[in-house]
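Since the structure comes first, as structure tokens, the remarks are kept for the end.
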Amino acid sequence: MIDRGKVDLARAAAAVRELLLAVGEDPDREGLKATPARVARAYAETFAGLHVDPDDVLQTTFDADHDELVLVKDIPLYSTCEHHLVPWHGSAAVGYIPGEDGRITGLSKLARVVDLYARRPQVQERLTSQVADAVMRRLEPQGVIVVVQAEHLCMAMRGVRKPGAVTMTSAVRGIFQADPRTRAEALSLIVGR
């Protein structure tokens, strides 16, 4: 069983040391002596989303009697490809139409949910759906739309080597799935500049 409650920094540092040896590097040379410990601490930060339930972020709501689109876009995100452990980065847009009770959440909460799902070994398609499902589950809105666009360094610096290629994913729930006009309006706000 994996303990998701904390990061074993000593174990992570030992693994990085072994990786350096495996690729033919000397982990005892001057420039690399502290690298295993630094990488272990960096990974603890990079994968901090594994230790927090993103749903908890959406517990705080406010009675605003609002029934129109709420949209936060251009949310920067940084994640790590679970297939290659190489970074990918981009931005997300998260929109929802509050439920009949008109309750909203803080705008920063939407960005925080994106961040928590991004801070784990991840694929873009899953992250997009996870954010949409969390907002739908916790806020019970009429609908949710999430659009993520990102550049994957596993594709830019290795493999096909196509820097600058952008991958776009979307997840729609509720009214955004059922009503093409509502979806089109939200998408025009998201992709329009």
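The values are calculated or read from the model by the stated rules, or taken from the named source; none is laboratory data. Quick caveat, the model's predicted, so the values are computed rather than measured. No Cβ is skipped: glycine too gets one built from the backbone with ideal geometry, and neighbour counts run over all protein chains shown. What goes into the accessible areas is simple: the full protein's heavy atoms, side chains included, and nothing from ligands, DNA or RNA. Shrake-Rupley method; radii C 1.70, N 1.55, O 1.52, S 1.80 Å.
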**Fill in**
Toy charge model, Lys and Arg Cβ at +1, Asp and Glu Cβ at -1: the chain dipole around Cα centroid in debye, rounded to 20, equals 680
**Message:** Just to confirm the number: angle between the C-alpha axis of helix 107-118 and the first principal axis of the chain, 0 to 90 degrees, nearest 10?
**Reply:** 40
**Prompt:** How large is the accessible surface per residue of the chain, computed with a 1.4 Å probe and reported in Å² as a whole number?
**Reply:** 57
**the range 136-192: Rg to Rh, with Rh as the Kirkwood radius over Cα pairs** = 1.16
**Asked** Got a number for carbon plus sulfur as a percent of the range 1-54's accessible area, 1.4 Å probe?
**Response** 57
**Request:** Set Lys and Arg Cβ to +1 and Asp and Glu Cβ to -1, take the dipole of the chain about its Cα centre, and tell me which of GLN142, LEU32, ALA165 lies farthest positive.
**Result:** LEU32
**Prompt:** Where does helix 180-191 land angle-wise versus the long Cα axis of the chain, in degrees 0 to 90, nearest 10?
**Reply:** 50
**Item:** Net charge, LEU153 excluded, C-beta distance under 14 Å - Lys, Arg +1, Asp, Glu -1
**Value:** +1
**Message:** If I histogram all Cα-Cα distances within the range 4-87 using bins 5 Å wide from 0, what percent of pairs lands in each bin?
**Reply:** 3, 11, 14, 18, 16, 10, 8, 7, 5, 4, 3, 2, 0
**Request:** Go through GLY90, GLN124, VAL23 and say which Cα lies farthest out towards the positive end of the charge dipole of the range 1-139; charges sit on Cβ, +1 for Lys and Arg, -1 for Asp and Glu.
**Result:** VAL23
**Partners for LYS73 among lysines (Cα-Cα distance below 30 Å; same-chain residues under 8 apart left out)** = LYS109, LYS162
**Complete:** Computed over all unlike Cα pairs, the Kirkwood hydrodynamic radius of the chain in Å stands at 18.4
**Request:** Restricting things to alpha carbons, find the Rg to Rh ratio for the range 93-134 using the Kirkwood radius for Rh.
**Result:** 1.02
**Message:** Using C-alpha positions alone, give me the convex hull volume of the range 69-169 per residue in cubic angstrom.
**Reply:** 78
**Fill in**
Other residues with Cβ under 13 Å from the Cβ of GLN59 give, with Lys and Arg +1 and Asp and Glu -1, a net charge of +1
**Message:** Test of understanding: given the chain, find the longest segment containing no GluC sites (Glu not before Pro) that are in a DSSP loop and have at most 15 other Cβ atoms within 10 Å.
**Reply:** 101-193
